Amino acid sequence: MTTLIDALYIVAFAFFIYGLMGLTGPRTAVRGNWIAATGMVIAVVATLLTPGMSNWALIALGIVLGALIGVPAARRVKMTAMPQMVALFNGVGGGAVALIAWVEFRTSAGYAGKPEYVAVASLFAALIGSISFWGSLIAFGKLQEILPGRPITLGAAQQLLNIVLLVVALGAAGFILAGNGAEVFMIVLLLAAAVLGVMVVLPIGGADMPVVISLLNACTGLSAAAMGIALQNTALIVAGMIVGASGSILTNLMAKAMNRSIPAIVAGGFGGGAAVARVPETRPVRSTSAADTAIQLAYAGQVIVVPGYGMAVAQAQHTVREMADLLKKRGVSVAYAIHPVAGRMPGHMNVLLAEADVPYEQLKEMDEINSEFAHTDVSLVIGANDVTNPAAETDPSSPIYGMPILKVNASRSVIVLKRSMSSGFAGIDNELFYDPKTSMLFGDAKSSVADIVEQLKAL
């Protein structure tokens, strides 16, 4: 039986890695998900075959309840709500790890008779899992607009409070490691970690949410790996390390894309609209119509579409693809410029455009597309704000100064689709709007693009 279980785990790990490879592009992402899911089914079966496994009725109940909640939620969620679903489901993983650590503590009477590494790994899992769960709930609340997207902070006392909470949690863990099996110490650890998770994410503004989601995802993976060490469960170790490592790499890449350090992001105080005091603007902007936009696009040689959260909110991706198809029939070259932190989660724009069957070859990452703007006739910005703001390059006093942006201002003409002149999640005005080459097409993005499509058909 042991040989069979080990063999099943090896097969499962191969499926995990092969599935992860498929997630590198929209073309293979669905297949990669199915492969990885198959690997997880195999890993679960291997775990259930472990000698001494019992409480089959409780296990079956958990599987049924999870399926009844998870499947409808995943099928019904709108693409605009995908970031908060990812945050919530990731948090559930961290919470599950924290609960397993608590159960392990209780069933072993405070790790009595257990090797020291079991206690250390289990307590680490409890600490990080609890932080991840409660932090993910706050991220969900901000993305769902249940909580304000702006930073909520205690000012100078914020970091001091976080340090105190961490010391309390580590102190409780120290008492447990010293041999004190009183359950109150485990409860104190979990509660202190819970409050710490809340207090760490509350001061982080909406502009940093993609990085926060990725960071919390990495934390959940690391906590799962630690719990796997405590339980000697190979599947948890490998799956947790894959999630933790990939999440850590992605977090680092996204932080670099914003030209900010991870400690600076965790310190909070950036983004969310109200974070930066705004002076009423008196500078003129030039507005345009769907008809004029259609003429510009139809007679352009190259058009670059720059999608952002506004496109996601309006669910305009299918209409945008229809517009691009019409332009290509007229001989216009069309590409999509994707900023690493556009939207509210890693890869948000890629997912939306893949859903609309936009060819993968047309999706261009920032480093690849930036040199093309100077040769572009029209850049069509649909709801992207902070990632196109020239102030990131020209204004040292700007909160986003130094952040790599899509250089749409280098295009011969820029058309921005937006509901109003409101700022993005960074809470600052976009200097692009006041550029003489920029025209504003105000209104709902989907309706505006649909009007452009009708005008193109009439030309």
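The values are calculated or read from the model by the stated rules, or taken from the named source; none is laboratory data. Keep in mind the model is a prediction, meaning the values are calculated, not measured. Note: ideal-geometry Cβ built from the backbone for every residue, glycine included; neighbour counts use all protein chains shown. Calculation scope for accessible area: heavy atoms of the full protein, side chains included, ligands and nucleic acids excluded. Shrake-Rupley method; radii C 1.70, N 1.55, O 1.52, S 1.80 Å.
A few notes on this one:
- The heavy atoms of residue 102 offer some 80 square angstrom of accessible surface to a 1.4 angstrom probe.
- As a fraction of the 1.4 Å probe accessible area of the range 155-198, surface on carbon and sulfur atoms comes out at 83 percent.
- Taking the 1.4 Å solvent-accessible surface of the range 319-451 as the whole, the part contributed by carbon and sulfur is 50%.
- R0 of 45 Å, Cβ-Cβ distance residue 30-residue 167: FRET efficiency to nearest 0.05: 0.45
- Helix 317-329 vs. the chain, principal-axis angle (Cα, 0 to 90°, nearest 10): 40 degrees
- Carbon/sulfur fraction of accessible area - the range 3-72, other protein chains in place, 1.4 Å, %: 79 percent
- Over every Cα atom in the chain, the radius of gyration and the widest Cα-Cα span, Dmax, amount to 24.7, 81 Å.
- In the context of the full set of protein chains, residues of the chain present 45 Å² of accessible surface per residue (probe radius 1.4 Å, heavy atoms only).
- Too-long pairs where the Cα-Cα distance tops 32 Å, listed order kept, from 114/142; 407/446; 78/256: 114/142
- Base-10 log of normalised Debye intensity for the range 175-250 (one unit scatterer per alpha-carbon) at q = 0.22 Å⁻¹: -1.02
- Most to least accessible of 318, 339, 375 (protein chains only, probe 1.4 Å): 375, 318, 339
- Table column - 3J(HN,Hα) (Hz), the range 391-403, Karplus curve with 6.51, -1.76, 1.60, x for Gly and Pro: 4, 4, 10, 10, 10, x, 7, 6, x, 9, 4, x, 6
- Derived value for the range 1-141: Kirkwood hydrodynamic radius 17.5 Å. Basis is the mean of 1/r over every pair of different alpha-carbon atoms.
- Calculated from backbone phi, Karplus (6.51, -1.76, 1.60) coupling profile of the range 189-200 in Hz, x at Gly/Pro: 4, 5, 5, 4, 5, 4, 5, 4, x, 5, 6, 6
- Lys/Arg +1, Asp/Glu -1 at C-beta; the chain dipole; positive extreme among 384, 16, 294: 294
- In Hz, Karplus ³J(HN,Hα) per residue of the range 5-10 (6.51, -1.76, 1.60; θ = phi - 60°; x = Gly, Pro): 4, 4, 5, 5, 4, 4
- Per-residue ellipticity at 222 nm from helix content only, as computed over the chain with -39500 (n - 2.57) for each DSSP H run of at least four residues, stands at -19500 deg cm²/dmol.
- Of all beta bridges that DSSP places with both ends in the chain, some 5 percent have antiparallel geometry.
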